[in-house]
Each structure stands twice: as structure tokens, then as C-alpha cells.
1. May I ask you to list the residues in the stretch 45-81 that are away from ligand 1 (no atom under 16 Å from the Cβ) and either assigned by TED's automatic domain parsing to the domain that holds Val119 or within 20 Å of Val547 (Cβ to Cβ) (or both)?
2. Looking at Glu477, Glu422, which one is surrounded by fewer than 21 Cβ atoms within 10 Å (Cβ to Cβ), touching a helix residue (DSSP H, G or I) at 6+ places or on another chain (Cβ under 8 Å) and assigned to a helix (DSSP H, G or I)?
3. Within the stretch 340-353, is there a residue that is within 14 Å of ligand 1 (Cβ to nearest atom), within 27 Å of Pro229 (Cα to Cα) and open to solvent by less than 40 Å² (accessible area, probe 1.4 Å)?
4. Check every one of the helices (runs of 4 or more DSSP H) wholly within the stretch 44-153 and list those with 2 or more residues that are more than 25 Å from the chain's Cα centre (by Cα).
5. Working carefully through the options Gly221, Gly200, find the one that is touching a Phe, Trp or Tyr at 6+ places or on another chain (Cβ under 6 Å) and farther than 16 Å from Gly374 by Cα.
6. From the set of residues in the stretch 2-19 that are buried (at least 16 other Cβ atoms within 10 Å of the Cβ) and not in a loop (DSSP other than H, G, I, E, B), which is modelled with the lowest pLDDT?
7. Hey, can you tell me all the residues within the stretch 608-642 that are of a type outside the set (S, T, N, Q) and open to solvent by less than 20 Å² (accessible area, probe 1.4 Å)?
Amino acid sequence: MKDSKKLIIDKQANSAAGMKAVIISLKQIFGVMSKKKAFKILNKLNQKEGVDCPGCAWPDPDHRSKLGEYCENGVKAIAEEAMEQTAGPEFFAKYSIDELKAQSDYWLGQQGRLTHPMVLLPGAKHYTPISWDETNAIIGKELKALASPHEAAFYTSGRTSNEAAFLYQLFVRMYGTNNLPDCSNMCHESSGVALSKTVGIGKGSVTLDDLYKAELILIFGQNPATNHPRMLSSLEKAKKNGAKVVSINPMKEAGLIRFKNPQTVKGIVGGGTEISDLYLQLKINEDVALLKAVMYKLFKLSETRAEILDSEFIANKTAGFEDFKTDLMQSDVNQLVQRTGLDESEIDQLVTLIADRKKIIACWGMGLTQHVNGVDNIQEVVNLLLMKGSIGKEGAGTCPVRGHSNVQGDRTMGIAERPSKELLNKISENFGFTPPQDHGYSVVDAITAMHEKKVKVFLGMGGNFLSAAPDTHYTAEALSNCSLTAHISTKLNRSHLTHGKTALILPSMGRTDRYMKNGKSQFVTVENSMGVIHTTQGLLQPPSEFVESEPVIVANIAKATLDQDKVDWDFLIEDYANIRDLIEKTIAGFENFNERVKQPLGFELPNGARTGDFTTPNKKANFTVNKMYSEAIEADEFIMMTTRSHDQFNTTIYGLDDRYRGVYNGRMVVFMNEEDVKSRGLKKGDKIALYNNYGNRKREVEGFAVVPYNIPKGCLATYFPEANPLVPIGLTAHSSHTPSSKSVRVKIRA
Ligand SMILES: Nc1nc2c(c(=O)[nH]1)N[C@H]1C(S)=C(S)[C@@H](COP(=O)(O)OP(=O)(O)OC[C@H]3O[C@@H](n4cnc5c(=O)[nH]c(N)nc54)[C@H](O)[C@@H]3O)O[C@H]1N2
Ligand SMILES: Nc1nc2c(c(=O)[nH]1)N[C@H]1C(S)=C(S)[C@@H](COP(=O)(O)OP(=O)(O)OC[C@H]3O[C@@H](n4cnc5c(=O)[nH]c(N)nc54)[C@H](O)[C@@H]3O)O[C@H]1N2
Ligand SMILES: [Mo]
């Protein structure tokens, strides 16, 4: 089956959600399961003691809406996970690997939940069923046969629960490596690195309550209407309380213009709430230029209005101010303004908004983190907040908006290729072995190592490594070099189809599935974007009796792999409370874990930046000096971002529409400034190829339909993962190694 409807390119929307969102989401879920089942799960979604939405990590408000505490894309996430369709042994007998490869990502996802452990034997063309005992034996044998534990890589995607993540990292470290790449490497790693260095904690500092009390909210490089729809309700509330909102984004995103709250009658029938008071459509990757220009102008203004800076906070709580100021004031402000592509008057409006306010929150998403200078972007955001004393107090601070629903929790649990000494010491103290001390491979390092045949076994805990990673063809070569690739998955994806000599599919339960042990229904825990730990408990019958829970899968792999066992894995999976006891002993902030997690709202982890007690080595918040990034761009080159459509969750494609951007029935599109379209002799719908030549490797993708769009000149936007073959493996952010998927040089060919 091909996705064969004709591509439609229509007008952009100028508001998000409303009744249409409700209708579309219900249509989606009723299409894949009975109404009874749909309502059973929706009634529990994001409710206290209910199921945490596997969609995004946006926190739940204390008072949950009776109309349902979920959004259109949350419902789509549930429909995708809990669909009744299954892909079992008959499905794999019917389709060969090559036939499956020829299908679209959308089609693959529609085939349903994985139901049986499956193996692809060396040279085979089809996956065939296998028992769990055999999959564990294969993994154990392959891992034991390696010359060094560093020849294996253990990936994690951010839906994994705290309990599963804790067991997984413990197993991997007992096995002997820190090769724990995770999706965070491709996501908010730049935030983690920048925030740890400047304010002592790699997480955001604000709570939902802060958002409601803020005077000014800056939203950099984020598209909440699609990726964190419930954030719009929070912004609506903040605006009601008097906050101003500024969006800084090359694309004019519908939800940042206006929001019609589908949880309120007014939102459904009324005109909605205007979200952005100011919308700065700067050029791709010119946020540092914008921030420097703004801060320069604030300093100039402070010469006559000293009170616009928080000099007391700067003196008592920060370090590095003089160096920062000296460097900044040497900038050529006209050049900075020019680089942004904005009118100076627009920047001046932002300066005025900032100058007149004290409680400022900066939110950001992938538009800041996925650039070569991603870490600098965030460090400049922090510089601005520090000048204003806007951190460590009510209504102010940092708000990196996390992606996967438990990506932050996985890191807290020790899924990190660069673990802290504190964690390693605790592990050694509690488990009686010395964990590996050397840094392991991040995602990009792991790909390179597989390419160089230094890593031979790849195990994925969730996710879709091939399609999420940059440089798809290079990554495919890397995975194909492995002797074993194995994936713990809920749904079929492309990573199962580009494989090592032997490949395994290990079917896993998802968030919505009920896990029973000894007649008792088990819950697991997650951490939201604002550092609150709470429970999540599935309630649906899993798709088959062969599907296992993630902690059980990990424990059994550990048992089959580790010879000297210092951990009683069976005891741990007997009752997940036993795992939580070990987490309490090992990870800071989890005192009385099993007791505290029973509170209906969960509990907050300690956060120094929230209270103004900075946990950096010098106990101060640190200003930083960041160089302007410049890259020679040829006259016929564009800067391309890869972004998400409204109908996808990362590599999972829910549908083929991006209705806020006016695109229907297709994903192979390139958004392009209208003048650029004309000057290249193109018109709407023309098909073009995009290519580049970083590091002398030719990368090309054909068949993008031109969409004339409201985006600055010289900038292009395409969808992730279709454009990933164009993102070079070596083009990564300094210090965080995050692929630069939001700024890639490309040329076009008609
Ligand atoms: N429904 C749904 N929800 C999701 C996801 C999903 O795919 N679907 N993914 C989840 C995950 S893992 C994540 S990380 C988040 C991602 O959530 P977002 O961070 O919102 O993700 P993107 O779609 O990649 O969009 C980033 C935004 O950055 C802008 N941008 C691009 N380049 C620049 C730049 O140089 N400067 C600035 N200022 N802006 C720029 C783009 O125009 C776009 O609006 O969402 C999570 N939630
Ligand atoms: N070019 C480009 N590349 C990007 C990005 C971008 O903006 N542009 N964004 C990056 C970002 S922010 C991220 S986070 C990564 C995402 O990278 P990943 O997290 O690796 O990708 P996903 O698409 O979220 O993974 C989807 C798969 O996870 C499995 N799955 C879903 N739920 C569960 C579960 O509960 N348990 C288990 N075991 N498996 C499950 C299913 O099999 C599904 O096919 O991609 C990155 N790649
Ligand atoms: Mo992400």
C-alpha cells in the first residue's frame, strides 16, 4: 500500500486547537479501538493515580480538568500505542524485510503492536518467532563473546520508566561499560550541558506555578501547539494573570499566535486567546546574535536606568559578570541586528519588555539545542536571566521544555554516557563492584564506533535509532556492521529492518498496558519536565501473553549475561517497590521513595537553581562568554531546519497532515520563503532535490514539494525523519555532541 492521496498545500492556520482538535483526536482513537476501550483509557489519562501520557513531558496541573487532562496529540499517542491491530508471526511470515523496507513509516506504524519475540537469523529474509529464553541466550552469548564490554552500546529512548531505566543502567555498568547513548543526546543535551555549567543543574528551574506568576515569558525555538499542546493552557492562564509572551522562531507557528482551549466552552465557541504579544521571526540559528543585541541594548539603557539590572543579585549570586560585560560591549551591535534579519524596532520592543519587568521565564525547545552552537544559545539565555536576577525566585527562571515523557527521569536514574562521580561512587558502595569510570559513547560516537566496527552489539531500549539519528545512510551502514542488533519495542519501525547479522525484536508493554505480578497490578514512576516524580499505571490488557514489561526484559537479559551476580534480579522484578528501594539508596532526592510517591501529586526533586542555591563548584551562577558562530555560506546555499509536523511523534507518523501549516496528505515538502521560490524560478508544488557535501560525503534526498511559506529568506524547513539523510554525522554541537538538525547547509536542484 502506498500513501497515495494527492498532496494539498493550503493556507497556514492562525490559531491552534479548538473544536477541530477534539474531533480529529476522537476520530483517530475510535479508528483503532472500541469506544469502550477508548473512554476507559482517556478517563484515566493524566489523572491522579492514572496513566501518564506517553506524548510529552509537560507537567499536569494540580487541579485536573473534568473535560479531560489531555490534548489532541496525547490522544493520538494513546491511539498509536493501544491500537487493537497487531503485527505477529503471520505478519512477519507474509512480508520479507525488503518488502517492509519499501513501505512508509506511516504504514509500518499502522500494522499494530508487536506481539511475539522475533529473530532474524543470519542471511534470513523474514523474521521468525523465537522464545524469550532463546532471545536472552543469544544476547548473553553475543555480549560474553566480545573482546571488551566497550564493544557493545545500549541505547535508551525517553519513554522508559524510572524503574526500567535504573535496572538497565545497573546491568550495563555491571557488564562493564558506560556506553549508554540515549535520545537526550539528540535532544536537550545542549540544555543539560549549558545549565549544569552555569546554574549547577542540568534541568529547568521553574514550576507550573512560576509560569502563572511570570511577568514575561520568552519562548525560543519551540512549537507547543504540536509538541506540548497542554503548555498552551498554561500560557493562557499566565496571560490571564498579566504575563506578556514573546515568541522567537523563524516559523510563524499557529499555536503561538492564538489558542482556542478545547477544555473550556469559551475556547471551543469563542475566539480564543492571543498568545504572543511579540513574534520575532529571526533567521535560523541567529538566536545568539539576537540575545547579544538585546543584552547590549539593556546595558546601554542601564546607564540611565540602573534599576533595570539586578545589581544585588549579580553581586551576591553570580560570577564572571565583568568578563561577560566587557566582551559583550565590544560587539558591533549593528552587525548583530543585521544577522538576525529582524528590524531593529522589533528588537527594541523586546528590550523594552525585558527592561520593564523583573520576573522573566525563558522556555525553549529544539530550535535552540540542535545547532553547532546549541550550548552557546542556552548559555546566552542564562546570561540574560542572570542580568535580570530572573532565576531562583518566584515567577522566574529556566524552562527547557522536555521531549519524551520520561527523558528527564531516565537521566536522573543514571542513563548517561558521562555519569557523575557521585553516581559511580554510590553504585560501587551499594552493589559491591567498581563501575567503569571512563566516559562511554554518546549517540553520534556510538554510530561512528559501529561504522568503524569498534561496537558490534547494539541493544535499544525503546526508540527508533536508525530514523532518529542523523545521516541515515551512514547510520544504516553502522548498524549493518553489527553482529547483533536487538530492540525492545512496542511497534515496528525502520530500526528493525536495517540490522546486524542477527536481529531481535523484543516486544514490550507500553504505558497503557496493565502489568500484573502475583495478582497485584504494578505501577512505575516517571519525572516530568519540571522535576516532579509521580506514578503511572497501565490499565489495558497487553496485546499478547508474550509481551513483557521493560524491567522484566532487562532483568532477564542481565541474568543471561552476567556471570558473577551481585544483584538478585528475580527479587527486584517480583515487586517494583523493591527496585524503588534500590533507587532510594543510590540516587539523591529519593528519600522514602515508596512512601512519598503515593502522594496523589507525587513529589519534587531538589533543585538548587529553583531556590537560588546554585550547586556549581563555585556555588555561584556563572556568566559565560560565547563567541559568535559564523559559517561560510555559499551564494546558492540555504540553511535548513528539520522539524516535526502536527501528525507525528518523532519517527512515529500518526497521519499525513500538518494542518496548522496547511499541508495535507504528504510529508515530502520543503517550506521556503516566497521570494526565494520566485527567484529560483520555482512555484508551489514543484519537486526539488536537496543536497550537500559536508566532509566530502555526498548527501541527497529527492522529491520535496515546494511550499511557499512565511519563513525568512535563505531558510528552509523540512520534516524529521525524511530529511535526516542530509544531517551530517560530524556536524554536532560543541560540548554536547547534539546533531545540528536545525541548521544544515543545503543546495537545491530542480
Ligand atoms: N505531538 C508530538 N509531541 C512531541 C513530539 C512529537 O514529535 N510530536 N516530540 C517530543 C520530543 S522528543 C521533543 S524533543 C519535543 C520537541 O518539541 P519542539 O522543540 O517544539 O520541536 P520541533 O518541531 O523540532 O520544533 C522546534 C521549533 O524550533 C523552531 N526553530 C528551528 N530553528 C530555530 C532557530 O534557529 N531558532 C529558533 N529560535 N527557533 C528555531 C522551529 O521553527 C520549530 O517551531 O516535543 C515532544 N513532544
Ligand atoms: N533531523 C532530526 N532528527 C531528530 C530530531 C529532530 O528534530 N530532527 N529530534 C531528535 C529528538 S529531540 C529525539 S528525542 C529523538 C527521538 O528518538 P527515539 O526516541 O529513538 O525515537 P522515537 O521515534 O520516539 O521512537 C519510537 C519507537 O519507540 C518504541 N516505543 C514507543 N513506546 C515504547 C515503550 O513504551 N517502550 C518501548 N520499549 N518502546 C517504545 C516504538 O517501537 C516506536 O517505534 O530523535 C532525534 N532526531
Ligand atoms: Mo526529544
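1. The answer is Val51, and nothing else.
2. Values: Glu422 fails: touching a helix residue (DSSP H, G or I) at 6+ places or on another chain (Cβ under 8 Å).
So the residue among Glu477, Glu422 that is surrounded by fewer than 21 Cβ atoms within 10 Å (Cβ to Cβ), touching a helix residue (DSSP H, G or I) at 6+ places or on another chain (Cβ under 8 Å) and assigned to a helix (DSSP H, G or I) is Glu477.
3. Within the stretch 340-353, one or more residues are within 14 Å of ligand 1 (Cβ to nearest atom), within 27 Å of Pro229 (Cα to Cα) and open to solvent by less than 40 Å² (accessible area, probe 1.4 Å).
4. On the way: elements: 72-82, 89-94, 97-101, 105-110, 132-145.
The helices (runs of 4 or more DSSP H) meeting that bar are 89-94, 97-101, 132-145.
5. Working: Gly221 fails: farther than 16 Å from Gly374 by Cα.
Every option except Gly200 fails the conditions.
6. The qualifying residue modelled with the lowest pLDDT is Ala17.
7. Correct list: Gly608, Ala609, Gly612, Phe614, Ala621, Phe623, Phe638, Met640, Met641.
The rows are residues; the columns are (1) open to solvent by 10 Å² or more (accessible area, probe 1.4 Å); (2) under 14 Å from Arg411 (Cα atoms).
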position: Gly140; (1), (2): no, no
position: Lys144; (1), (2): yes, no
position: Ala147; (1), (2): yes, no
position: Ala152; (1), (2): no, no
position: Thr156; (1), (2): no, yes
position: Asn162; (1), (2): no, yes
position: Ala165; (1), (2): no, yes
position: Val172; (1), (2): no, no
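The values are calculated or read from the model by the stated rules, or taken from the named source; none is laboratory data. Computed from a predicted model, the values in this text were never measured in an experiment. Using ideal geometry, Cβ is built from the backbone for each residue, glycine included, and neighbour counts are taken over all protein chains shown. For the accessible areas, the whole protein counts, side chains as well, though only heavy atoms, and no ligand, DNA or RNA atoms are used. Shrake-Rupley method; radii C 1.70, N 1.55, O 1.52, S 1.80 Å.
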